[in-house]
Amino acid sequence: MVQSALSRPGQRERYDSKIGQIDWVFVALLLMVAGIGALIQYSVGGMSWEPWAYTQLRNFALFLTMALILAVVDLRFWLWMAYPAYAVSLILLVLVELFGDTRMGAQRWLEFGPVSFQPSEFMKLAIVLALAQFYHERKPEDANWSWWLLVPALMIAVPSGLVMHQPDLGTAMLIMLTGGAVMVLAGLNWKAIAAAAVGAAASIPLAFFFILHEYQRKRILTFLNPEGDPSGDGYHILQSKIAMGSGGLLGKGLGLGSQSQLNFLPEKHTDFIMAAVCEELGMVGGAMVLLLNGLIIIMALRMAALSHSHFGRLAASGAIATYACYVLINGAMVMGLFPVVGIPMPMVSYGGSVMLTVMAGFGLILGVKVHRYQELPKQSSLLAAFE
């Protein structure tokens, strides 16, 4: 009976056939971005593989393998796990509130023995899957203008509020932006979009004075006038601008950037690594990173559009929307076009949690392309996922 199930047409394709359908050009683009990231980690680490470059490469190799495995996973499994993943991520965020580890004034981490992680990172993908399943199971008109909109709005608002309280403004923004992108892609009426935009604009003064923490308000004021406190709150962005400008067209060369090598540039291996890229590889190097990321986003959107299932289209589009927000916010942040909110450049900045989330999203996107012809049931269940 097992043999007949495996040989049934359209069921349980051979894994070698699925691997052949993976977009290897897309994978090559990921390798190029990660390669540039490791190269800069090597440079800012004093032309040494330690302390950052080796770990970055090891994590990327591990998570890329994970992404390729996820690419051959049946879409019905993603559909089945969407709500449970959201529920577990939400519980972990509550546990952070109760038992989280505090570092640098922020309570964002959970520790289980030697393992330490940020549950908010998992929510970035979980919210995409949960919203994609919600809209997959609804009628098209429910995504337009109806009382059903309260459900996805609450699904976004609850984790965003918990993350904001940690406090982590950057991650809360990513969850809200990604969730909003899925709602728009699902068919949200322009009236709802306009009403949300007006409401968001009207709430800015309230959020600034009564919701944001003091250091977050300072970051916004510093963004508006970084020269007002050049040795204090404005130091990060001013040093970033100096590093980027001093690189010129072709850069100073690996290991020769004065701002990064002499530690004038803060967070040179994480949030402000793009400033180090521009200083040592010049405008050409910085433009190359952005061009490669642009190609990744375009190819991912094309893969999402190929899916025959509504869940596949929304899940893949939401995952790449998260990635695009990372790239756009970090790029604008290091150039002084956006307040400093602690958003890294994925696969270039050092850090395992963000890379894990991003690569899991890429595994989902590749899987949507591999299973693009698959039709999914409207109501998911464990039985439907494996039958």
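The values are calculated or read from the model by the stated rules, or taken from the named source; none is laboratory data. Bear in mind the structure is a predicted one, so any value in this text is a computation, not a measurement. Quick reminder, even Gly has a Cβ in these numbers, built from the backbone with ideal geometry, and neighbours come from all protein chains shown. SASA here: full protein model, heavy atoms, side chains in, ligands and nucleic acids out. Shrake-Rupley method; radii C 1.70, N 1.55, O 1.52, S 1.80 Å.
A67 falls short on exactly one of the conditions (1) open to solvent by 50 Å² or more (accessible area, probe 1.4 Å); (2) in contact (Cβ under 8 Å) with a residue 40 or more places away in the chain, and that condition is (1). Would you check if there is a residue in segment 225-236 being in a loop (DSSP other than H, G, I, E, B), touching a Pro at 6+ places or on another chain (Cβ under 9 Å), open to solvent by less than 30 Å² (accessible area, probe 1.4 Å) and not polar (S, T, N, Q)? Yes, because at least one residue in segment 225-236 is in a loop (DSSP other than H, G, I, E, B), touching a Pro at 6+ places or on another chain (Cβ under 9 Å), open to solvent by less than 30 Å² (accessible area, probe 1.4 Å) and not polar (S, T, N, Q). Residue pairs whose Cβ atoms lie under 6 Å apart, sitting 6 or more positions apart in sequence or on different chains, and linking a residue in segment 155-171 that is within 17 Å of G342 (Cα to Cα) to a partner that is open to solvent by 30 Å² or more (accessible area, probe 1.4 Å) and in a helix (DSSP H, G or I), are S160/M176. When R138 is tested against the conditions (1) under 21 Å from Q107 (Cβ atoms); (2) in a loop (DSSP other than H, G, I, E, B), the lone failure is (1). Of the residues in segment 123-143, how many are in contact with a helix residue (DSSP H, G or I) (Cβ under 8 Å, 6 or more places away or on another chain), free of Cβ contacts under 8 Å to residues at least 24 places away in the same chain and open to solvent by 10 Å² or more (accessible area, probe 1.4 Å)? Residues meeting the conditions: 2.
Of all residues in segment 144-172, those being open to solvent by less than 20 Å² (accessible area, probe 1.4 Å), within 16 Å of L212 (Cα to Cα) and more than 14 Å from the chain's Cα centre (by Cα) number 5. Look at (1) among the polar types (S, T, N, Q); (2) closer than 23 Å to T55 by Cα; (3) at pLDDT below 85 and you find that Q216 fails only one, number (2). Within segment 112-122, if we keep just the residues that are aromatic (F, W, Y) and either out of contact with any helix residue (DSSP H, G or I) (no Cβ under 8 Å at 6 or more places or on another chain) or assigned to a strand (DSSP E or B) (or both), the residue that is surrounded by the most Cβ atoms within 10 Å (Cβ to Cβ) turns out to be F117. Considering the conditions (1) touching a residue at least 24 places away in the same chain (Cβ under 8 Å); (2) more than 24 Å from Q261 (Cβ to Cβ), T55 is excluded by exactly one of them, (2).
I want to confirm something. Restricting to segment 320-362 and keeping residues that are without any contact (Cβ under 8 Å) to a residue 40 or more places away in the chain and closer than 19 Å to R217 by Cα, which single residue is least open to solvent (accessible area, probe 1.4 Å)? The qualifying residue least open to solvent (accessible area, probe 1.4 Å) is A332.
Taking the criterion of being out of contact with any strand residue (DSSP E or B) (no Cβ under 8 Å at 6 or more places or on another chain), of a type outside the set (G, A, S) and over 17 Å from V354 (Cβ atoms), the residues of segment 84-101 that qualify are P84, Y86, V88, L90, I91, V94, L98.
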